[in-house]
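**Student:** Before I ask anything, let me first share the structure, which is written out below as structure tokens.
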Amino acid sequence: VNPINTTVSPPVKPRNLTVTNDGTNLLSLRWDSSYGATEYSVFRSPTNNLAGAEQVGTNVATSRATDTLSINDHSTYYYWVRAYKPNAIVGSEAEGPVSITLNATLRTPRFYRVQELSGKKIRLEWETYLEMNGTRANDSWEIWRKEDGASEFTKVYEGMSNTTSKWTDTLPKAKTRYYYKMRAYKTIRGERLYSDFSNETSAKS
């Protein structure tokens, strides 16, 4: 009598792995589920080398996962995913690699209030964004200004603030309209990384 073969073949590998980042320190991973799979494992490596990759997600029951990394890292990471099913000796072939570079862009700030004050002053306020841990994602700013009729903007403020998102400009002329735009920046490994410029806003002194 031939013995019963109890070997269970591994599931087919997952397909279409994607890794996205919305500007916070949380990465979202998604893939097409593998037929018969009951769980998945996610692997991450700073190099394109699955053999040396760290397993960052285990017993994942759905076809999506998250991974948290420092937004200041500014590094490239590679991801893979494997499928598993009950009684299979090994997992599926790995899907990947899919790479992502963190902090490739900064979120663009947006002016939401401009207030004309006495004494040739204008107060500007803008929206900021938070990291997943509650700290501000963009903590350094440049504000640019031009006078009505001028062709180019001039930088009038540059600084870092973790506690405020407003600034008051003391203007050279009264009864004159001024236009503003701004951008966020971070300095990472000696290199300054900029967001896109914000929407423009204006007010009259």
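**Student:** Where does each of 94-101, 14-21, 114-121 land if you order them by average Cβ count within 10 Å, highest first? Mind showing how you got there, number by number?
**Tutor:** Numbers: 94-101: 17.6, 14-21: 16.1, 114-121: 12.1.
Ranking the peptides 94-101, 14-21, 114-121 by packing returns 94-101, 14-21, 114-121.
**Student:** Now for a separate question. Given R₀ = 41 Å, FRET efficiency for residue 50-residue 107 by Cβ-Cβ distance, to 0.05?
**Tutor:** Once rounded, the FRET efficiency stands at 0.80.
**Student:** Straight distance only, please: which lysines reach the Cα of residue 175 with their own Cα at less than 19 Å, same-chain residues fewer than 8 apart left out?
**Tutor:** List returned: 120, 121, 146, 204.
**Student:** I would also like to ask the following. Please give the peptides 34-41, 84-91 ranked by average Cβ packing (other Cβ atoms within 10 Å per residue), highest first, as a rough proxy for protection.
**Tutor:** Numbers: 34-41: 18.2, 84-91: 13.4.
The packing order, highest mean first, is 34-41, 84-91.
**Student:** Where Lys and Arg each count +1 and Asp and Glu each count -1, what net charge lies around residue 125 among other residues with Cβ under 14 Å from its Cβ? All intermediate terms of the calculation are to be shown ahead of the outcome.
**Tutor:** Values: positive: 110, 113, 121, 123, 166; negative: 116, 127, 169.
With Lys, Arg at +1 and Asp, Glu at -1, the neighbours total +2.
Only the coordinates and a few stated rules stand behind these numbers; no lab work does. A quick note: this is a predicted structure, and the numbers were derived from the prediction, not measured. Cβ coordinates were reconstructed from backbone atoms using ideal geometry, including for glycine residues, and neighbour counts include every protein chain displayed.
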